[in-house]
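Okay, so here's the structure we're looking at.
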Amino acid sequence: MISVVIVGTGNVAQNLYQAFEKSSNVTIKQVIGRNREHLAFVNSTVLSSTNFNRIETSDVYILAVSDDAIKLVADNFKDIDGLLVHTSGATSLEAIKCAKRAGIFYPLQTFTKGKIIEFDTIPICIEATNEEDLKLLKQLGEALGKTVVEIDSEQRKTLHVAAVFVNNFTNYMYTIGAEICEEHNIDFKLLRPLIKETAAKLDTLTPMQAQTGPAKRGDQQTLHNHLLIIKDKHQRELYTLLSNTIKEKHGKEL
């Protein structure tokens with residue numbers, strides 16, 4: 001049985017709490033946050049705390065806080081004997097070097113307020129300064145899901161950049177699509193099957209193979225007509241930039 005203390009009250013902390021609660025191989029010793037109201041997701045008031053001066057003894061301490069807060073919060077754990085880890089994709093192991101034992105426990109997924117995610121399909125990227133701690137993190141990850149991958153800080157930061165493209169930027173494209181639909185009194189739900197199929201194709205094709213659309217085909221008239229429909233200046237610029245990039249990538253000379 002692995003004991004954990006979760007530090008944080010945001011989306012990642014709440015999802016980890018829910019997942020660990022379901023695991024028969026993990027016990028939650030404490031959940032620490034700055035605000036008692038934000039700890040409402042913790043089922044037992046005995047487990048929740050706002051006092052960093054009374055930290056429970058645990059095997060692993062998980063800092064599920066914002067990237068900017070990691071170093072500051074880590075200072076509260078510099079004298080603990082357990083393994084201190086953070087969950088950031090963009091922050092190196094050096095950020096918690098004040099700890100006696102340091103590691104990374106990065107779930108590669110998007111976490112949104114109010115939506116609890118099942119961890120059995122989430123890749124968990126781990127890193128540690130020694131083999132024993134790496135083994136401990138692998139056991140902790142396997143207690144939640146099927147895929148645990150050892151990745152160093154530089155690889156993880158690169159992976160995080162890729163994740164921003166495939167998740168954050170893609171979702172912003174959905175936002176633009178929704179705005180265009182709303183401007184023309186069209187139900188955005190009509191696009192949902194297309195969104196799902198676009199993602200599903202990647203189970204059997206590479207992104208390069210799955211690319212479709214007027215930019216790849218070189219349909220100059222369609223591209224021109226689309227720009228006539230798009231009224232927002234920034235959306236027009238983005239449409240033009242992406243279309244030109246796709247044309248260049250797929251070798252269309254227009």
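The values are calculated or read from the model by the stated rules, or taken from the named source; none is laboratory data. Nothing here was measured: the structure is a model prediction, and the numbers come from that model. When we count neighbours, we look across all protein chains shown, and the Cβ atoms used for this are built from the backbone with ideal geometry, even at glycine. Just so you know, the surface numbers come from the protein's heavy atoms only, side chains and all, with ligands and any DNA or RNA stripped out. Shrake-Rupley method; radii C 1.70, N 1.55, O 1.52, S 1.80 Å.
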Cα-Cα P(r), region 182-254, percent of pairs per 5 Å interval
3, 14, 18, 20, 24, 15, 5, 0
Along the charge dipole of the chain, Cβ charges K/R +1 and D/E -1, which of L140, Y17, G114 sits furthest on the positive end?
G114
Loop-located GluC sites (Glu not before Pro) in region 60-141 whose Cβ has at most 15 other Cβ within 10 Å (DSSP)
E118
Among the trypsin sites (Lys or Arg not before Pro) within region 91-120, which fall in a DSSP loop and have no more than 15 other Cβ atoms within 10 Å of their own Cβ?
K97, K100, K113, K115
Relative contact order (percent) for region 160-254, with alpha-carbon contacts under 8 angstrom and 6 or more residues of separation?
23 percent
Treating only the Cβ of Lys, Arg, Asp and Glu as charged (+1, +1, -1, -1), what charge dipole size does region 1-134 show about its Cα centre? Round to the nearest 20 debye.
460 debye
Rounded to whole Hz, the Karplus (6.51, -1.76, 1.60) HN-Hα couplings of region 198-203, x for glycine and proline:
4, 6, 5, 4, 6, 6
Quick one: among I230, I126, I96, which has the greatest mean-square fluctuation in a GNM of the chain with alpha-carbon springs under 10 angstrom?
I230
With 30 Å as the limit, write out which pairs from K201/K233; K115/K247; K97/K201; K71/K115 have Cα-Cα distances beyond it, or answer none.
K201/K233; K115/K247; K97/K201
One can check that the equivalent ellipsoid of region 1-64, built from the alpha-carbon gyration tensor with semi-axes equal to the square roots of five times its eigenvalues, has lengths in Å, largest first, of 16, 13, 10
Tally Lys and Arg at +1 and Asp and Glu at -1 over the other residues with C-beta under 11 Å from the C-beta of I116: what net charge comes out?
+1
Among T175, T50, T87, determine the one that fluctuates most according to a GNM of the chain built with springs between C-alpha atoms less than 10 Å apart.
T175
Taking only protein heavy atoms into account and a 1.4 Å probe, give the accessible area per residue of region 119-174 in Å².
60 Å²
Cα-based equivalent ellipsoid, region 151-213: semi-axes from gyration tensor eigenvalues, Å
28, 16, 8
Here, the chain modelled as identical Cα point scatterers in vacuum has Debye log10 I(q)/I(0) at q = 0.08, 0.15, 0.16 Å⁻¹ of -0.43, -1.04, -1.12
If you wrap region 53-175's Cα atoms in a convex hull and average its projection over all directions, what's the area in nm²?
8.3 nm²
Note down the nm distance, to one decimal, between modelled labels 7 Å out along Cα→Cβ at S3 and at E197.
5.4 nm
With charges set only on the Cβ (+1 for Lys and Arg, -1 for Asp and Glu), what does the dipole of region 98-254 come to about its Cα centre, in debye to the nearest 20?
260 debye
Quote the relative contact order of region 1-130 in percent (integer), defining contacts as alpha-carbon pairs under 8 Å separated by 6+ residues.
22 percent
Scan around S48 for amide H atoms under 5 Å from its own, H built in the peptide plane at 1.01 Å from N, and keep only partners 5 or more places away or cross-chain.
V31
Region 1-113 -> Rg/Rh from Cα coords, Kirkwood Rh, value 0.92
Other residues with Cβ under 14 Å from the Cβ of Q139 give, with Lys and Arg +1 and Asp and Glu -1, a net charge of -3
Whole-percent carbon and sulfur share, accessible surface of the chain, 1.4 Å
51 percent
Once phi for every residue in region 101-110 is put through the Karplus expression 6.51 cos²θ - 1.76 cosθ + 1.60 (θ = phi - 60°), the whole-Hz ³J(HN,Hα) values, with Gly and Pro written as x, are 10, 10, x, 10, 9, 10, x, 7, 7, 8
Amide H of V148 versus every other amide H placed in the peptide plane: which residues, excluding those fewer than 5 positions away on the same chain, fall under 5 Å?
I124
With a cut-off of 8 Å between alpha carbons and a minimum separation of six or more residues, what is the relative contact order of the chain in percent?
12 percent
Report the net charge of residues surrounding K157, where surrounding means a beta-carbon distance below 12 angstrom and charges are Lys +1, Arg +1, Asp -1, Glu -1.
-4
Once phi is turned into ³J(HN,Hα) by the Karplus curve 6.51 cos²θ - 1.76 cosθ + 1.60 with θ = phi - 60°, what whole-Hz value does each residue of region 216-230 show in order, with x for glycine and proline?
5, 6, x, 7, 4, 5, 5, 4, 5, 5, 4, 5, 5, 7, 6
If I model a spin label at H234 and H184 as a point 7 Å from the Cα along the Cα→Cβ vector, what separation in nanometres do I get?
2.1 nm
Out of the GluC sites (Glu not before Pro) in region 152-254, which ones are loop residues according to DSSP with at most 15 other C-beta atoms within 10 Å?
E253
